[in-house]
1. Mind listing the phi-derived Karplus ³J(HN,Hα) values for the stretch 164-170, rounded to whole Hz, using 6.51, -1.76 and 1.60 with θ = phi - 60°, and x for any glycine or proline?
2. So the label point goes 7 Å from the Cα of Val60 along Cα→C-beta, right? Which residues of the stretch 66-109 then have their backbone N under 16 Å from it?
3. Report ³J(HN,Hα) in whole Hz for each residue of the stretch 271-281, in order, from the Karplus equation J = 6.51 cos²θ - 1.76 cosθ + 1.60 where θ = phi - 60°; Gly and Pro get x.
4. How would you rank Glu106, Glu286, going from fewest to most other Cβ atoms within 10 Å of each one's own Cβ?
5. Which length gain, in nm to one decimal place, applies between Thr168 and Val117 when the Cα-Cα distance is subtracted from 0.36 nm times their residue separation?
6. By count of other Cβ within 10 Å, fewest leading, how are Leu182, Leu464 ordered?
7. If each residue of separation counts as 0.36 nm, what is the full-extension length gain between Ala84 and Ile582 once their alpha-carbon separation is subtracted?
8. When the C-alpha atoms of the stretch 79-143 are aligned to their principal axes, what extent does each axis show, in angstrom, from largest down?
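Quick note: the coordinates plus some simple rules give every number you see, no bench work behind them. Keep in mind the model is a prediction, meaning the values are calculated, not measured. Positions of Cβ are generated from backbone atoms using ideal geometry, with glycine treated the same way; all protein chains shown enter the neighbour counts.
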Amino acid sequence: MASRMFHAGVTEGQSTTRPPLFDGTNYSYWKERMRIFIQSNDYKLWLIVKNGYGVPMKKVGEVNVPKTEEEFTDEDCKKMELNAKAINMIYCSVNVDDYRKISRCETAKQMWEKLEVTYEGTAQVREAKIDHLTHEYELFSMKENKKTEEMFERFSNIINPLNLLGKTYTDRELVRKVLRSLSPKWRSKVDAIEEGRDFQTTTNDALRGNLITYKTTQLSKVVEEKSKRGRMPRCKNASSRQESAAEEGERPWRREGSKYIHIQTGLAFNIGASAERFHNIFLTKEIVSPKIVNKDLFKSATYAPSKSLFSQQGLLRFIYLTYEFFSPNLIRQFYANLRTTKGDLPSLISYVDGKTVFIDGAGFTSLFGLRRGEITEKLDETFQDEAIWRQLGLDHRDHKFRNSSNPSVINLTLIQRVQQYIFSYVLLPRDSNHGVVNKDDIRLFHVLLNNVKFDWVHFFIVALSDGTRFSHLRFSIPIMHILAHCKIDFTRDTQVPVKKTCFITEAMFSRIVYREEGNATPNLDLIVADEEESQNETQVESSRAGGSRATEHVTRERRTRPREEAPEPSWVKRIFDTLTCIRDDVRQLNERMTRFEQYRGPRHSFSGGARLANSL
């Protein structure tokens with residue numbers, strides 16, 4: 001058998017009569033080769049693939065119906081033959097797995113579009129990829145001590161995928177971008193090119209050849225001459241190398257191939273600037289302790305009405321959402337690289353540990369059950385706080401306040417308090433002030449009680465986008481589901497377990513007295529002192545190399561019964577109260593003795609009980 005290898009590593013080319021085989025990888029490369037292959041055989045075949053042609057139709061009355069084969073004209077037969085040839089070419093160029101994906105398609109156009117959606121994604125996915133590549137294009141620059149060929153190779157890896165996705169740049173734009181990206185040692189050559197007469201007509205390929213030639217012939221000589229003239233003593237070169245190493249050590253990341261590895265956490269970034277932003281801004285942010293509604297909560301007849309309200313809004317799946325653990329640094333990286341798109345086609349894109357995380361509106365509905373709606377954050381023109389308070393059974397003038405400009409939760413009934421608790425801990429978590437009813441709670445009450453056709457996908461995307469500005473990062477459990485959906489490796493980060501205290505149960509509300517339906521707000525003077533207890537909440541685990549350690553505190557207000565309704569104390573409580581009184585009496589006696597000693601001197605003074613200079 002004749003060998004396929006020739007001299008100097010040259011191998012045999014592929015056939016011009018057989019279509020290129022797609023093995024399921026590098027779709028962009030195969031797509032371009034397949035397009036050229038079809039056009040080179042018969043350009044009419046490519047028009048069939050591009051524009052499509054199905055079964056010929058005829059008009060019967062006012063309705064178009066398919067023709068039978070006996071009714072086909074010569075023109076119809078020719079087009080059907082071209083469509084069959086195009087289908088055969090595509091079948092011959094795909095593997096078995098991809099054949100199953102397109103086997104039900106009836107036209108070559110449907111097959112081509114099916115493969116595009118499978119490997120390039122929908123229009124939203126392509127737009128997200130274009131945004132990412134455009135961002136890399138804008139940040140592109142020549143790296144120190146790298147060859148010119150390597151720079152142009154990186155540049156081609158950006159503009160070629162953009163071109164396949166429909167985003168094109170003119171040669172003039174590409175030339176100016178490359179010249180701006182060159183390092184300072186190329187300054188003289190850049191000036192010479194820009195001042196040349198043919199600068200306006202220079203193409204990207206011509207510029208590439210020009211720069212490579214200059215690098216090979218002139219630039220190396222100039223650098224060598226400068227190094228000879230300005231050669232420093234050996235010790236000074238060593239000192240400069242130490243300074244350079246020190247500057248390199250100040251960076252929070254290190255290079256590994258094309259990735260930027262954050263030294264403290266070990267997470268991968270695509271851009272060094274993103275790693276620095278993560279290190280300087282997001283690494284110190286705390287994760288709000290997650291809260292999850294226990295499904296048994298709504299089994300009680302007391303709380304069952306709330307279940308139907310949340311079910312009407314399609315929120316049950318979201319508020320029940322749980323996960324065994326959460327990874328704090330992966331969540332921080334998700335927020336650090338987060339970009340969102342709102343409007344009719346909402347979506348989010350981020351980059352976590354070097355991988356792309358993308359979710360569109362359909363993905364939110366599939367993952368969390370969140371529904372689309374007509375109304376976003378503006379609600380409607382008739383929305384007013386006073387009207388909602390009246391709907392809750394209260395006059396806003398009778399509100400009770402406690403250390404806040406917002407009304408206290410004691411204005412609410414038990415069922416309303418449970419709903420507000422879910423608002424402030426699950427739907428729109430906040431790190432403090434859970435004991436007050438703020439503007440967000442009132443709006444959510446309006447949506448829940450009036451069954452407003454609310455756009456919850458838009459709501460969640462806005463909440464995530466706004467969350468990047470806060471010192472505490474929320475939605476840890478939903479973000480974990482998003483990362484799991486995008487197949488992020490959780491073993492790369494610390495895993496903080498979700499404890500039992502994170503679940504919202506009936507026991508949280510069983511010992512609390514609330515306003516009864518139809519009654520006025522409780523009198524604060526009759527309520528025994530509130531017990532502001534600091535719950536034993538989840539401590540957010542520090543990052544791998546000693547990252548920030550944060551303790552998440554969630555305050556829960558508990559109130560005892562009013563004194564006039566308190567039951568007769570037991571004998572154990574009586575003994576405890578007696579001991580408490582004795583302890584207080586002893587403490588007061590010690591305070592009096594201390595003041596007396598300051599005036600008369602110590603009881604066992606060896607100095608004769610001399611009177612203090614600053615005595616009374």
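1. So the J values, rounded to whole Hz, are 5, 8, x, 9, 10, 10, 6.
2. Flagged as within label range: 66-72.
3. Values per residue, Gly and Pro as x: 10, x, 5, 5, 5, 5, 5, 4, 5, 7, 10 Hz.
4. Glu106, Glu286
5. Net length gain for the segment: 16.3 nm.
6. In increasing order of surrounding Cβ atoms, one gets Leu182, Leu464.
7. Once the chain is fully extended between Ala84 and Ile582, it gains 169.3 nm.
8. 52, 26, 24
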